[in-house]
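The values are calculated or read from the model by the stated rules, or taken from the named source; none is laboratory data. Please read all numbers here as calculations on a predicted model, not as lab measurements. Please note: Cβ atoms are built from the backbone with ideal geometry, for glycine as well, and neighbour counts cover all protein chains shown. Please note that ligands, DNA and RNA were not included when accessible areas were found on the heavy atoms of the full protein model with its side chains. Shrake-Rupley method; radii C 1.70, N 1.55, O 1.52, S 1.80 Å.
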Amino acid sequence: MTTTPKPQDLPAWKRLTRMAEQSIQSRLSEISETTGGFEHSSHRLTLGNHELMLDLSKQRLDQKTLATLVQLANERGFEGQRKLLFDGAQINTSEHRSALHTALRAPFAERPALVRDTVEETLQRFGRFADAVRTGARRGFTGKSFSDIVHIGIGGSYLGPRLVVDALHAQYPESLRFHFLANIDGAAIDRCLAGLNPETTLIILASKSFTTLETRVNGTSARSWFLERTTDEKAVAEHFVAVTGNIDAARAFGISDDFLFPVWDWVGGRFSLWSAVGLPIAMAIGAAGFQELLNGANAMDRHFLNAPIENNLPALLALTDVWNYNFLGVNNHAILPYDHRLSRLPDYLQQLQMESNGKSVHVDGTPVGIHTMPVIWGGEGTNGQHAFHQLMHQGTRSFTADFILIANADHKHDTHQRWLLASALGQSQAMMIGEQSELSHRTVAGDHATTTLVLDQLTPFTLGALLAMYEHKVFCQGVIWNINSFDQWGVELGKQLAEPVFEQLGGNSTLGQETSTKGLIDYLKDQKRSE
Ligand code: F6P
């Protein structure tokens, strides 16, 4: 049996290790100048009527390095792996599943035959449902139009819809208000439901498994809230929607078949906003807007599938950061959207990248022996400049960052927009060039590599393309590291351990717990005040 060579045993990996030793002898700003700066290192991609630009001119990337990174991708069999992804092969080997989120946004004829009809039927059905709620054609049990949508879900069943609704909702003026409930904290549900009228509230339960603790408990409490006020069990069927792969559990909850939309096991949670999990998106921007989101993602899919690695934006993004993480020692990466509408992008990309590629074994189960995904964090610019950028400029830690800019705002405050863009460029420039001062406390070291991404406008189409680009970045890095980007077994242990603790906090004996946790349980029980 032939075994797959470890990434670090590949010729290109070894060459890159030597190149990195060479590269750090020069300052980033010198490399940027000698490689031709923006002119040479920026990549423009026209998608439909829009343009997405990836600027790598503030990265330690000369032509030889880039060529060797491309060689690394080839040595890892990148093109074959990419084909397997789109063909629906079971690349999620630990769960024996395909990862066919690309099929959700492909035109009918281009979807793999096995999923073609079911995707179409569901897309049409939840699109019609969303539009009926938007227009008031579908009403609550007392005949009133819906005014408030409460989306209950967590992780991939929350972060994507929340990001997209936040980013685009304001462009679609209409009467619906959106509320998201993820955390199991009782304070979250109290705040979420405060002031809502059950007669005009539609509640979506989004959970692929329908067993996720937070969604189960929040869903049950929301149902009690509803019933306490309406006292009509039958009305549940007209006010609760479920998006799930666990149809029986949803029916047992009281969801009617008309209000039930499927998600399939070949759609990973963090890749599911393109499915009926995106129902609140369709309600916020309409079925036609949702289709535009899919079209943008599909345009990026086509680019990713067909463009050679040298000009392939997701692949370039992935390889650039493999260079930073594995060869230049960077262990954390900031997502810095300079656009208020994208303020939730860091959270979304954190799950997408850390849950997908935070792995330490290869696909065959052997230890990786190299670093995989670093910590992903970030926040909206310019706010971060007055919070965490100090550490970026003068702290002792290395980092890389993605600056994400939208060239044209959807407001009329030109001065604000110009300052916003100027601030982003000022920050990335400072991170690259730094400043020497006679006063050491004023010296800014610089030499931090960053990437700049620019969308011409923020629309459903361009946002779809942006998110699909990051999805494919994750996939490429998984290929380079030879890890399974589509499972997340690491999250299970903590969930299991919470179960006995839940019982013990309720009064049961803490016998059998190790001393640290036992002490904490006993302490919390002591602290609990009687009503
Ligand atoms: O806890 C991790 C996770 O399984 C995520 O991968 C997923 O997006 C989230 O929980 C929610 O799962 P579900 O949609 O089944 O409720």
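For the chain, the longest principal axis of the Cα atoms and the long axis of helix 113-135 meet at an angle of about 60 degrees.
For segment 457-474 and segment 483-531, what is the separation of their Cα centres, given in Å? Taking the Cα centre of each part, segment 457-474 and segment 483-531 sit 39 Å apart. Other residues whose C-beta falls under 14 angstrom from the C-beta of Phe259 contribute a net charge of +4, scoring Lys and Arg +1 and Asp and Glu -1. When all alpha-carbon pairs of segment 384-509 are counted, what percent fall beyond 23 Å? Above the 23 Å cut-off, segment 384-509 has 60 percent of its Cα pairs. Residues Tyr523, Tyr158, ordered by accessible area of protein heavy atoms at a 1.4 angstrom probe radius and largest first, appear as Tyr523, Tyr158. Relative to the longest principal Cα axis of the chain, at what angle does helix 159-168 sit, 0 to 90 degrees, rounded to 10? Roughly 80 degrees between the two axes. What number, rounded to the nearest 500 deg cm²/dmol, is the helix-based mean residue ellipticity at 222 nm of the chain, given -39500 (n - 2.57) per DSSP H run of at least four residues and division by all its residues? Result for the chain: -14000 deg cm²/dmol, rounded to the nearest 500. In the context of the full set of protein chains, residues of the chain present 45 Å² of accessible surface per residue (probe radius 1.4 Å, heavy atoms only). Between 0 and 90 degrees, the angle of helix 213-230 with respect to the longest Cα principal axis of the chain falls at about 40 degrees. As a length-normalised measure over Cα pairs under 8 Å and 6 or more apart, the relative contact order of the chain settles at 18 percent.
Over all other residues within a Cβ to Cβ distance under 13 Å of Thr244, the charged ones net out to 0, with Lys and Arg as +1 and Asp and Glu as -1.
Of the heavy-atom accessible surface of segment 36-113 (probe 1.4 angstrom), what whole percent is carbon and sulfur? Ligands and nucleic acids excluded, carbon and sulfur give 49 percent.
Of the accessible area of segment 386-531, computed with a 1.4 Å probe over protein heavy atoms only, carbon and sulfur atoms account for 56 percent. Taking Cβ atoms as reference points and 11 Å as the exclusive limit, the residues near Leu305 contribute a net charge of -1, counting Lys and Arg as +1 and Asp and Glu as -1. Share of segment 285-337's accessible area from carbon and sulfur, percent, 1.4 Å? About 49 percent, which is the carbon plus sulfur part of the accessible surface.
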